[in-house]
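Q: Have a look at the structure that comes next, please.
The values are calculated or read from the model by the stated rules, or taken from the named source; none is laboratory data. All values derive from a computational prediction rather than experimental measurement. Note: ideal-geometry Cβ built from the backbone for every residue, glycine included; neighbour counts use all protein chains shown. Note: accessible area is taken over every heavy atom of the protein model, side chains too, but ligands, DNA and RNA are not part of it. Shrake-Rupley method; radii C 1.70, N 1.55, O 1.52, S 1.80 Å.
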Amino acid sequence: MQRPTYGQSPPLHHPVPQHVSTVPQLRSPPPPTAQPQSHGYDGSPYPQQQQQAPQGGNMFGQYGNFMNDPTAQIATQFGQTAFRQGQDYLEKNVNRFVNVSALKHYFNVTNSYVINKLFLVLFPWRHKPWTRRQASDSGAGSGQEAWFYLPPRDDINSPDMYIPVMSIVTYVFLRTLIAGLRGEFKPELFGVVATTAVVLVGLEILALTIGCYLLSISNKSQLLDLVAYSGYKFVGVIVTIVISEIFNGGKGTGGWVGWTLFVYTFLANSLFLMRSLKYVLLPENNNTNQGPMQTMHPLDSRAKRSQRTQFLFAYSYPVQALLMWVLCRP
């Protein structure tokens, strides 16, 4: 049986695109060119862009002309004027109670002076002379030579306030540090130790001032000199506490080591005060009135000089022994 024959199928036609689109040709990238190696801190092989400095030498750009603004200049002048007026007002009011210009004399020190002075306070046995150096100012307007003491940086025998102030501060921190190592630290310990030290020094200066008044002892720098000399005892106290804590295993200044150091530093401080305060409490008989201190009148009796000597001895030995013992107690 044969299949029926159908008509011939029409030919197949493929669609022809009406819009021709161009396809970009893909090419491989060119080989990298050799770049000079950068010597920057990160060792990056990439070239670093160099920033060009702004023209006109202004590194801050648009903010560089701030100080050239008239408003900024007026504000700067106003601030300087206000600061100057405040400083003048402060000096005028502070000078009512404390002579600032005289106080600066006691802080005019150098590193060599501080080292030599500490050595002198701890080892005063062979030091000579003890007299303070003086200088004259022939340019005084009154026609007479004005005598004055040299500052501490030029005279090892001159009293200063730098060492006493630093010694008191060191003493306060040392006491609190030892308490912390023992597990007994409290925040209020700073105030207690500082108050004790300041009160003892204040009572000492008050007793010295009353004694000088009763014995008719006075000079131009008496009070500030006494304040300075009253603080040198803290040098010996600090040395005693530190070495005693090291050798006694943190048990305080007790034992033979602590007492030996206490006796030595006490005697050294007492001799230092005896020699140094002699020009304050025992002025020499001098009719020329040469120098900044008031000398003893020729008619002063020998009994008054003996009283002054006893007062100096009592202050340098019994009083200092009591004060240093209180300060060295654990």
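Q: Accessible area per residue for region 164-285 in Å², computed with a 1.4 Å probe and the full protein assembly in place, what is it?
A: Per residue, region 164-285 has 49 Å² of solvent-accessible surface.
Q: Quick one: what are the phi-derived ³J(HN,Hα) couplings along region 156-163, Karplus 6.51/-1.76/1.60 with θ = phi - 60°, whole Hz, x for glycine and proline?
A: With coefficients 6.51, -1.76 and 1.60, one gets 5, 8, 7, x, 9, 10, 5, 5 Hz.
Q: Looking at this model, which pairs from K117/K186; K128/K233; K117/K278; K117/K304; K278/K304 are more than 23 angstrom apart at the alpha-carbon? All intermediate terms of the calculation are to be shown ahead of the outcome.
A: Working: K117/K186 34 Å; K128/K233 21 Å; K117/K278 18 Å; K117/K304 32 Å; K278/K304 15 Å.
Pairs exceeding the cut-off: K117/K186; K117/K304.
Q: Of Y113, Y213, which has the most accessible area with a 1.4 Å probe, and how do the rest follow in descending order?
A: Result, largest first: Y213, Y113.
Q: If you count, for each residue, the other Cβ atoms within 10 Å and average over each peptide, how do 234-244, 170-180, 302-312 line up from highest to lowest?
A: Descending mean neighbour count gives 234-244, 170-180, 302-312.
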